[in-house]
Amino acid sequence: MSDDKNFDRLTLENALAELGRRAFAAGRTVEIVVYGGSALLLTLNRQINTGDVDAVFEGNKDFIKRLATEMAEEFGWDENWLNDGVKGLP
C-alpha cells in the first residue's frame, strides 16, 4: 500500500471493527490509540484518505500484530497497515 491511500473513513471503521471482532472471538480485549491521519479521518467530517493506521497498542502487541497481518493478507493491504511507528516520534 506504500503510496496508496486505501483507507477512507468507512474502510477504516470497518477495519478496526473487524480487528475488534477477531480479538473478541479469541477471548481477548485490545486497546488501540489511533494517531495522525487516521485520527483526523475518524474525527473530522472531511473526505480524506490515509494509507495506514498510526497507533499505539500495548499489552497484547504480538496478538494485535498477528491479527493485523492476517487481515492484510485477507484484504490485500500492506502488511504494515496497522503500525506502532508513531511511538518513535520525538
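The values are calculated or read from the model by the stated rules, or taken from the named source; none is laboratory data. This is a predicted model, so every value here is computed, not measured. Every residue, glycine as well, gets a Cβ built from its backbone with ideal geometry; the counts of neighbours run over all protein chains shown.
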When every residue in the range 53-67 that is surrounded by 14 or more Cβ atoms within 10 Å (Cβ to Cβ) and out of contact with any strand residue (DSSP E or B) (no Cβ under 6 Å at 6 or more places or on another chain) is compared, the one modelled with the lowest pLDDT is Asn60
Per the list (1) more than 15 Å from Val86 (Cβ to Cβ); (2) of a type outside the set (A, V, I, L, M); (3) without any contact (Cβ under 8 Å) to a residue 40 or more places away in the chain, residue check on Glu18 breaks on (3)
Among Glu73, Glu18, the single one that is under 13 Å from the mean Cα position of the chain (by Cα), among the acidic types (Asp, Glu) and either modelled with pLDDT of 90 or more or not in a helix (DSSP H, G or I) (or both) is Glu18
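Condition test on Ile48, is it part of a loop (DSSP other than H, G, I, E, B) and among the aliphatic types (A, V, I, L, M)? Steps first, please.
On the way: part of a loop (DSSP other than H, G, I, E, B): yes; among the aliphatic types (A, V, I, L, M): yes.
When the stated conditions are applied, Ile48 passes them.
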